[in-house]
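Right, I'll just put the structure down here and ask away after.
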Amino acid sequence: MSIYMDYAATTPVDPRVLKAMEPYFSEEYGNTMSLHKQGRTAKKALDQSRQTVAALMNAQPDELIFTASATEASNMVIKGVAYANKNKGKHIITSAIEHNCVLEPARWLEQQGYEITCLPVDKYGLVDPSKLEEKIRKDTILVSIMHANNEIGTIQDIQQIGKICKEKNIYFHSDAVQSFGKIPIDVKQTNIDLLSVSSHKMYGPKGVGALYIKKGTKIEPLLHGGGHEFHKRASTVNVAGIVGFAQAAQIQQQEMAFDAQKQTKLRDKIINKILTIDDSHLNGHPTKRLPNNTNFWFAYIEGESLLMHLDMEGIAVSTGSACSSNDLAASHVLLAIGLKPQEAHGSLRLSIGKYTTEEGVDYVLQTVPKAVQRLREISPFKNGWKQ
Amino acid sequence: MDNGAGMPLDSRVFEAMKQYFMDDYGNPSSSHSFGNAAKSAIETAREKVAQLISAEKPQEIIFTSGGTESNNLAIKGVAYRNRAKGNHIITTAIEHMSVINICKYLQKEGFEVTYVPVDKQGVVDLKKLKAAINEKTILISVMYANGEIGTIQPINEIGQLAKENNVLFHVDAVAAAGKVPINVQEQNIDLLSVSSNDMYGPKGVGALYIKKGTKIVPIIQGGGQESGLRSGTENIPGIVGMGKAAELAQSEMESESKRLIGLRDNLIKGVLDKIPYSFLNGHPTARLPNNANLRFSYIEGESLILGLDMYGIQVSSGSACTSKTLQPSHVLMAIGLPHEQAHGSLVFTLGKQTTQEDVDYVLELLPDVVKRLRALSPLTPKELLR
């Protein structure tokens, strides 16, 4: 038995995606900048892909650039908007539960003389838009709030945040890595100026991301070089990867509603059953939540031991963000929603996807309670936390 | 014959990549078995790339999204890290646009850059390079070989010079890696950029060699992947593909480069013999095995490309990265060609699948195409048309 329940970390490539990519590896291998026939074929594939991915967020194709990852896209936003608008001001607002690909560049800017305001979140992980409004100053140049959180699945009120940013004439960036292709996003309607998305979280290949940059937005490139991607991102274009991303976007355009409905049902089944375990708690919001995300904390045990235990039973899960799962610090997201470090360490994320079956869920729901019980039996904290 | 711009993936490379799309698709940062499989795949690839350039340790290799990102990471990473020590960078006039544009950006940021000239064969002037070094110099960045004119630089001498002066040495080896032997230890190289795409691996992957102990700051920050120097979920199939491509390049380099040099020299000799007023750009011998850059008086390279495209021959007039601008190649200008001569140049980059028959086919067609274009050109002297 092998059950993958870590779709928030990465997804397998959809077979239809790989099929679309294959010709671009060995037959249509031209460089998009070359003038000859193979070059033109590659350029055409790139243009069509741009259109497809842009359509899924209701952007114009020339407002979308491809990158090598969403991390790169978010780095470009934070640093690129900061550098290009430093004459207007050096203040940036973000939230305490952003992904490290937003927080780390923000910390770097802090060392360079910028000022960062990190908004707190409530116990569900929600940013309060009125608090955001209070923090906006004359020298604020950028607000970066993620659409949905990668660990706890909470979906922010980006409609309201976008409205505030528009009224105050401040750039609004949203990291939509976890939500793109899973729930609808409309950059025009929500007044988003910059949006980072990733291919490998939605059944496309790894090594590809994209950044929506609303026309007229002032931003510096992160990678300098040739004139690719409207002079915003240099490097030979990864045609096969981009074609794969576009195929994944096209599939999600058609299947998103169906997938979301199916996964929401499975998600709620998981939540209801897991919460029957004594001293178990849901992290994140019960309803303003990604269709594929569940996240719990179990008193008296370590998430890491639970993860190892489940891995031996053939179940792949996570304790938090994959990016930080190899370090031992408690998740900054769980601390921000008010968990104590020992509680945060007892957390488990089960994220489901397109290929998750009812049988798979049932097997997991049989296995997790037993694993929790066994770990509690050997836990030094079984009689409560040491004070 | 435009392998310099994009190469087909070796089928053995795709075979190696395949399983990482739908089967072993884990995120290497995950602690479960899917994650572990991905992690070990990266480490194997890292070893293979390290071997190709004779790095001391696999950990000295950082995977990136391509040669351009590697160059950005190396040059900006060193510049920002060493700002307190100095703000002077030395490079050459014929570097790839990524290096030149990074340097221009850094100049706006307050760095000083010396662009050392090259001779008419494209070889960097060592005396001028040496003279440019001052107490504020923090980095020398010189390409291993030029992708456009094929000239290979005296890397050993430059490495020695950098070492003696205690300056970091970065080499853009995108056009050279996998084609000519590179030994970062013996050549005193501190940072070296390579690209997968230029050695029959997939596009969208590259690597940067960073010698142990060399301190740089990252340009892409986040989850802390690649020893904190390059965040972002690793492109596993791409990295595996690059590893396989590096392994194949290493094992086949000796025989393949011998074969390519034979074809290259047949092509060059054939063109120079058959076509009057044709010239070789770049160095006759210190040159990449797969590169022939030829210049034809009185005509435009662009019309030649289109003329040859009709016969199914794909070539380029310079670097693919700049082929859509109408500016003459900065490389050809740097070796001293006037505008009209630079515009009349054509780059042939040969590859694994190029055969003697292909070379013969070009040698059969090219003289006629050149002749026809010359007949249409107002620049052509009348006596040449008779």
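The values are calculated or read from the model by the stated rules, or taken from the named source; none is laboratory data. If you're wondering where the values come from, they're calculated on a predicted model, not measured in any experiment. We place every Cβ from the backbone using ideal geometry, glycine too, and count neighbours over all the protein chains shown.
Where residues in the range A:227-243 are at the interface with chain B (Cβ under 8 Å from one of its Cβ atoms) and among the aliphatic types (A, V, I, L, M), which of them is farthest from B:G67 (Cα to Cα)?
The initial filter retains those residues of the range A:227-243 that are at the interface with chain B (Cβ under 8 Å from one of its Cβ atoms), namely A:227-228, A:234-241.
Right, trim to among the aliphatic types (A, V, I, L, M) and you get A:234, A:237, A:239-240.
On the way: A:A234: 10, A:V237: 11, A:V239: 15, A:A240: 17 Å.
In this case the residue turns out to be A:A240.
Something else: Looking only at the range A:36-58, filter to residues that are among the hydrophobic types (A, V, I, L, M, F, W, C) and surrounded by fewer than 24 Cβ atoms within 10 Å (Cβ to Cβ); which one of those is farthest from the chain's Cα centre (by Cα)?
First, pick out the residues of the range A:36-58 that are among the hydrophobic types (A, V, I, L, M, F, W, C): A:42, A:45-46, A:53-57.
Going one step further and asking which of them are surrounded by fewer than 24 Cβ atoms within 10 Å (Cβ to Cβ), we end up with A:45-46, A:54-57.
Details: A:A45: 26, A:L46: 24, A:A54: 17, A:A55: 19, A:L56: 16, A:M57: 15 Å.
Going through the qualifying residues, I end up with A:A45.
Sticking with this structure for a sec: Identify all residues within the range B:135-186 that are in contact with a Gly (Cβ under 8 Å, 6 or more places away or on another chain) and under 21 Å from B:G110 (Cα atoms); write none if there are none.
B:E135, B:K136, B:T137, B:I138, B:F169
Got a number for residues in the range A:62-77 being within 15 Å of A:N238 (Cα to Cα) and within 7 Å of chain B (Cβ to nearest Cβ)?
So the answer is 3.
In the range A:137-170, how many residues are hydrophobic (A, V, I, L, M, F, W, C), farther than 13 Å from A:I93 by Cα and part of a loop (DSSP other than H, G, I, E, B)?
Count: 1.
With in contact (Cβ under 8 Å) with a residue 12 or more places away in the chain, within 14 Å of another protein chain (Cβ to nearest Cβ) and touching a Lys or Arg at 6+ places or on another chain (Cβ under 6 Å) as the only criterion, which of B:I220, B:I299 stands out? Explain how you work it out, then say what you get.
Values: B:I299 fails: within 14 Å of another protein chain (Cβ to nearest Cβ).
Matching residue, one of B:I220, B:I299: B:I220.
Conditions tested, residue by residue: (1) among the basic types (K, R); (2) in contact with a strand residue (DSSP E or B) (Cβ under 7 Å, 6 or more places away or on another chain).
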{"position": "A:K86", "(1), (2)": "yes, no"}
{"position": "A:H99", "(1), (2)": "no, yes"}
{"position": "A:E104", "(1), (2)": "no, no"}
{"position": "A:K131", "(1), (2)": "yes, yes"}
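Among the listed residues B:L267, B:L272, which satisfies the condition of being surrounded by fewer than 16 Cβ atoms within 10 Å (Cβ to Cβ) and assigned to a helix (DSSP H, G or I)? So that I can check it myself, show each step before the final result.
Numbers: B:L267 fails: surrounded by fewer than 16 Cβ atoms within 10 Å (Cβ to Cβ).
From the options B:L267, B:L272, the qualifying one is B:L272.
Of all residues in the range B:230-248, which are closer than 16 Å to B:A38 by Cβ and assigned to a helix (DSSP H, G or I)?
B:I236, B:P237, B:G238, B:I239, B:V240, B:G241, B:M242, B:G243, B:K244
Consider the range A:295-347. How many of its residues are at pLDDT 90 or above, within 8 Å of another protein chain (Cβ to nearest Cβ) and under 21 Å from B:G222 (Cα atoms)?
Result for the range A:295-347: 1.
Oh, and also: Test of understanding: among A:I158, A:I164, A:I136, which residue is of a type in the set (V, I, T), in contact with a Lys or Arg (Cβ under 6 Å, 6 or more places away or on another chain) and away from every other protein chain (no Cβ under 14 Å)? If you could, list the steps in order and put the result at the bottom.
On the way: A:I158 fails: in contact with a Lys or Arg (Cβ under 6 Å, 6 or more places away or on another chain); A:I164 fails: in contact with a Lys or Arg (Cβ under 6 Å, 6 or more places away or on another chain).
Going through A:I158, A:I164, A:I136 in turn, the sole match is A:I136.
Right, another one. Kindly indicate which of B:E357, B:E364, B:E302 is modelled with pLDDT under 90 and either assigned to a helix (DSSP H, G or I) or under 21 Å from B:H283 (Cα atoms) (or both). Spell out the reasoning first.
Working: B:E357 fails: modelled with pLDDT under 90; B:E364 fails: modelled with pLDDT under 90.
Of B:E357, B:E364, B:E302, the one residue that is modelled with pLDDT under 90 and either assigned to a helix (DSSP H, G or I) or under 21 Å from B:H283 (Cα atoms) (or both) is B:E302.
Would a scan of the range A:236-250 turn up a residue that is at pLDDT 95 or above, more than 18 Å from the chain's Cα centre (by Cα) and surrounded by fewer than 24 Cβ atoms within 10 Å (Cβ to Cβ)?
yes
If B:P328 meets every condition in (1) part of a helix (DSSP H, G or I); (2) modelled with pLDDT under 90; (3) in contact with a strand residue (DSSP E or B) (Cβ under 9 Å, 6 or more places away or on another chain) apart from one, which number is that one?
Of the numbered conditions (1) part of a helix (DSSP H, G or I); (2) modelled with pLDDT under 90; (3) in contact with a strand residue (DSSP E or B) (Cβ under 9 Å, 6 or more places away or on another chain), the odd one out for B:P328 is (1).
Would you confirm whether any residue within the range B:128-151 is buried (at least 17 other Cβ atoms within 10 Å of the Cβ), away from every other protein chain (no Cβ under 14 Å) and of a type in the set (F, W, Y)?
Yes.
Which condition number in (1) closer than 29 Å to B:L350 by Cβ; (2) touching a residue at least 60 places away in the same chain (Cβ under 8 Å) is the one that B:I62 fails?
Every listed condition holds for B:I62 apart from (1).
Each row is one residue, and each column tells you yes or no for (1) away from every other protein chain (no Cβ under 14 Å); (2) out of contact with any Asp or Glu (no Cβ under 8 Å at 6 or more places or on another chain); (3) closer than 16 Å to B:P58 by Cβ; (4) not charged (D, E, K, R).
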| residue | (1), (2), (3), (4) |
| --- | --- |
| B:F169 | yes, no, no, yes |
| B:A173 | yes, yes, no, yes |
| B:G178 | yes, no, no, yes |
| B:Q185 | yes, no, yes, yes |
| B:I210 | yes, no, yes, yes |
| B:G213 | yes, yes, yes, yes |
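In the range B:107-126, what count of residues is obtained for those that are buried (at least 20 other Cβ atoms within 10 Å of the Cβ) and within 11 Å of another protein chain (Cβ to nearest Cβ)?
Qualifying residue count for the region: 0.
I'd like to check which strands (runs of 3 or more DSSP E) are fully inside the range A:50-135 and have at least 1 residues that are over 17 Å from A:I164 (Cβ atoms).
On the way: elements: A:64-67, A:91-95, A:115-119.
Because the criterion is at least 1 residues that are over 17 Å from A:I164 (Cβ atoms), the strands (runs of 3 or more DSSP E) in the range A:50-135 that meet it are A:64-67, A:115-119.
I would also like to ask the following. Can you tell me which of (1) in a helix (DSSP H, G or I); (2) modelled with pLDDT under 95 is the one B:G318 doesn't meet?
Going through (1) in a helix (DSSP H, G or I); (2) modelled with pLDDT under 95 one by one, B:G318 breaks only (1).
Considering each of B:S227, B:S195, B:S255 in turn, give the residue that is among the hydroxyl-bearing types (S, T, Y) and free of Cβ contacts under 8 Å to residues at least 24 places away in the same chain. Even if it seems obvious, please write down each step before you answer.
Values: B:S227 fails: free of Cβ contacts under 8 Å to residues at least 24 places away in the same chain; B:S195 fails: free of Cβ contacts under 8 Å to residues at least 24 places away in the same chain.
When all the criteria are applied, what remains is B:S255.
Here is a follow-up. May I ask you to say which residue of A:A70, A:A8 is buried (at least 22 other Cβ atoms within 10 Å of the Cβ), under 19 Å from B:G238 (Cα atoms) and not hydroxyl-bearing (S, T, Y)?
Values: A:A8 fails: under 19 Å from B:G238 (Cα atoms).
After ruling out the rest, the residue left standing is A:A70.
Quick check: is even one residue across the range A:162-169 crowded, with 24+ Cβ neighbours inside 10 Å and either among the aromatic types (F, W, Y) or at pLDDT 95 or above (or both)? Full working, then the answer.
Of the residues in the range A:162-169, the ones crowded, with 24+ Cβ neighbours inside 10 Å are A:165.
Remaining after also requiring either among the aromatic types (F, W, Y) or at pLDDT 95 or above (or both): A:165.
Scanning the range A:162-169, I find at least one residue that is crowded, with 24+ Cβ neighbours inside 10 Å and either among the aromatic types (F, W, Y) or at pLDDT 95 or above (or both), so the answer is yes.
Being surrounded by fewer than 23 Cβ atoms within 10 Å (Cβ to Cβ), part of a helix (DSSP H, G or I), over 16 Å from the mean Cα position of the chain (by Cα) and at positive phi narrows it down to one residue among B:S251, B:S227, B:S255; which is it? Outline the logic, then answer.
Working: B:S251 fails: at positive phi; B:S255 fails: at positive phi.
Step by step, each of B:S251, B:S227, B:S255 is checked, and only B:S227 is surrounded by fewer than 23 Cβ atoms within 10 Å (Cβ to Cβ), part of a helix (DSSP H, G or I), over 16 Å from the mean Cα position of the chain (by Cα) and at positive phi.
Within the range B:169-199, count every residue that is acidic (D, E) and in a strand (DSSP E or B). Walk me through how you get there before you give the answer.
Of all residues in the range B:169-199, those acidic (D, E) come to B:172, B:186, B:190, B:198.
Filter once more, keeping what is in a strand (DSSP E or B): B:172.
Total satisfying the criteria: 1.
Another question, if that's okay. State whether the residues of the range B:128-147 include one that is in the same structural domain as B:A177 (by TED's automatic domain parsing), assigned to a loop (DSSP other than H, G, I, E, B), modelled with pLDDT under 95 and not aromatic (F, W, Y). Spell out the reasoning first.
Step one: list which residues in the range B:128-147 are in the same structural domain as B:A177 (by TED's automatic domain parsing), which gives B:128-147.
So of that shortlist, the ones also assigned to a loop (DSSP other than H, G, I, E, B) come out as B:133-136, B:142-144, B:146-147.
Then drop every residue that is not modelled with pLDDT under 95, which leaves B:147.
Adding the requirement that they be not aromatic (F, W, Y) leaves B:147.
Looking for residues that are in the same structural domain as B:A177 (by TED's automatic domain parsing), assigned to a loop (DSSP other than H, G, I, E, B), modelled with pLDDT under 95 and not aromatic (F, W, Y), one finds at least one in the range B:128-147, hence yes.
While we're here: What's the number of the only condition in (1) among the hydroxyl-bearing types (S, T, Y); (2) part of a helix (DSSP H, G or I); (3) in contact (Cβ under 8 Å) with a residue 24 or more places away in the chain; (4) over 20 Å from B:K39 (Cα atoms) that B:T214 fails to meet?
Looking at each condition in turn, B:T214 falls short on (2).
Now for a different question. Could you tell me which residue of the range A:198-226 is nearest to the other protein chains (Cβ to nearest Cβ), considering only residues that are on the phi > 0 side of the Ramachandran plot and out of contact with any Gly (no Cβ under 6 Å at 6 or more places or on another chain)?
Within the range A:198-226, the first condition is being on the phi > 0 side of the Ramachandran plot, and the residues that meet it are A:203, A:207, A:216, A:225.
Remaining after also requiring out of contact with any Gly (no Cβ under 6 Å at 6 or more places or on another chain): A:203, A:216, A:225.
Details: A:Y203: 10, A:G216: 22, A:G225: 3 Å.
By that ranking, first place goes to A:G225.
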